[in-house]
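What follows is one structure encoded as structure tokens, with my remarks underneath.
The values are calculated or read from the model by the stated rules, or taken from the named source; none is laboratory data. The structure displayed is predicted, hence computed values, not measured ones. Note: accessible area is taken over every heavy atom of the protein model, side chains too, but ligands, DNA and RNA are not part of it. Shrake-Rupley method; radii C 1.70, N 1.55, O 1.52, S 1.80 Å.
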Amino acid sequence: FRDQHHQRKLKCKARENYITNCIIIMTTLLFTKTISSILRRKRHKTNLIFCRSHSQFSSPSTSTGTCVGEVVDVSKDIRHVRPGDIIDVPYEITVTDTMHDLWQSAFHSQDRIHTSRPFARSMLGLQDRALPFSLALFLTSSMTHADAAKVQVGFGTVSYIWPCFAGDTLTKRFVVTGVRHTSDGHRSILDFACELYNQRQRLCMMAEKSMLFDFLVSESSLGHREENTKPPEQSFRNHLLSKAPALVGKSQSLTPLRPGQLILHTMNRALTLSQMQQLASLVKLTHERHFDIRKYQEELLLPGGCVLGLTLSAASRDLHEILHEEITSVKYVEHVHPGKDLLGAITFVRDINDNVPGDLEIVTVRTIGIKNLDVKRDLQGMELPLELFARDTLLPKDVHQICKTQCPLLQGKIVVVVDRKIIRQANPHQIFLL
């Protein structure tokens, strides 16, 4: 009897343990399921952005409802700027040797200040090859914040004040210097002073830039800011002039120049769509006229900096060897399309100043970019109107009128007119004759 009672107690104890274990397991499963449900609801709430069903937000458990997207506009509202307003650009670019090489793969140059590290260091006293003028200008003037611009009108004075090198981290800012309406009263032209700085906050380049916007700014915003500051010291130019004694007798210039000379450059180049988009991305351009092939199809436009780069590179070989250059005026006349338009150039020598140290000379030239024309074959022996080259101020409407009345072959072919001063090493034979 005692053994039977003991066995019954053991069975009851085992049954109690079994029930207790079942309760623990069920409680654990229920707790885990509850936690998972809470976490799942939190994830749905996190991913649910502006979701609404009729007039109320839909719950995470429902599959009905709609999502409304939102466009984030980070560009500057140009409609409300006034002369004197400063636009600080928050982006920074560290220039690499790859960027330098990519630019030179598209724009021909054999000037050793940009291609030869030993020449730049030993002969010119620079730390490295300087960035090409056209690349520095493209970096200075690219405006990620002004996507509403229709086209670039041109440049005023552009000064390469301090050399830029691979490894420099560049920042920039823009100052609104002028706001005006176009003559037809339907659009607006804004003038900017573009400033490029390196990582030491050294001013490297200044450029006056004009852009056309397809809207009218308010009358209260019109005006022009008078410059009260004196021009910055031309440290880069002065440094190169100081190195003239070291360059005596070492000129590699190939072409002697004379005032009144018109040079028909033989080099013609185009940029493909891929090249254009790579170069535009290089300087962080975002305008849809350079990228949106579905919207603009055959009407994509080459950025103004690339048009200028192609024009200067077409003239580079015949003006070799250029050490420094500055622009006094750039006027864009016709559009250029990637992959379709081939660019060449002609250059008119307006003046030569040899009253500088050593074998150097300062040459004032007007280079005109021409599209879809074989300059050497089509213009050789042809008399061109001197007005295209001698007139001090040449506006796009003047170009159209001159070509229409005096040179129909060039009508619709001139894309840009560039006035600049270059410092170059004189041709050795030219030096001997002098």
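For the residue pairs Lys76/Lys284; Lys250/Lys376; Lys209/Lys413, alpha carbon separations beyond 26 Å are given by Lys250/Lys376. For the chain, the relative contact order is 16 percent, taking Cα pairs closer than 8 Å that sit 6 or more residues apart in sequence and dividing their mean separation by the residue count.
Can you give me the accessible area per residue for the chain, using a 1.4 Å probe, in Å²? Per residue, the chain has an accessible area of 54 Å².
Over the chain, dividing the summed -39,500 (n - 2.57) contributions of all DSSP H runs of at least 4 residues by the number of residues returns a 222 nm mean residue ellipticity of -9500 deg cm²/dmol. From the alpha carbon centroid of the range 272-292 to that of the range 91-153 is 16 Å. For the range 96-107, putting each phi into the Karplus relation 6.51 cos²θ - 1.76 cosθ + 1.60 with θ = phi - 60° gives couplings of 10, 4, 5, 4, 4, 5, 4, 5, 6, 6, 9, 10 Hz, in residue order, rounded to whole numbers and with x for Gly and Pro.
For Lys150, the aspartates and glutamates whose Cα comes closer than 19 Å to its Cα, not counting residues fewer than 8 places off in the same chain, are Asp73, Asp77, Asp184, Asp191, Glu208, Asp214, Glu288, Asp292, Glu298, Glu299, Glu334.
Computed in the context of the full set of protein chains, the accessible area of the range 344-402 at 1.4 Å probe radius has 44% of its extent on carbon or sulfur. Using alpha carbons only, the radius of gyration of the chain set against its Kirkwood radius gives Rg/Rh = 1.29.
With all protein chains in place and ligands, DNA and RNA left out, the 1.4 Å accessible area ranks Glu387, Glu233 as Glu233, Glu387, largest first. Relative to the longest principal axis of the Cα atoms of the chain, the long axis of helix 2-47 lies at roughly 30 degrees. Against the chain, whose longest principal axis is taken from its Cα atoms, helix 273-282 shows a tilt of about 80°.
Here the range 118-241 is described by how far its Cα atoms reach on the three principal axes: 56, 29, 23 Å, from widest to narrowest.
Computed from the alpha carbon positions, the gyration tensor of the range 299-430 leads to an equivalent ellipsoid with semi-axes of 26, 17, 14 Å, biggest first.
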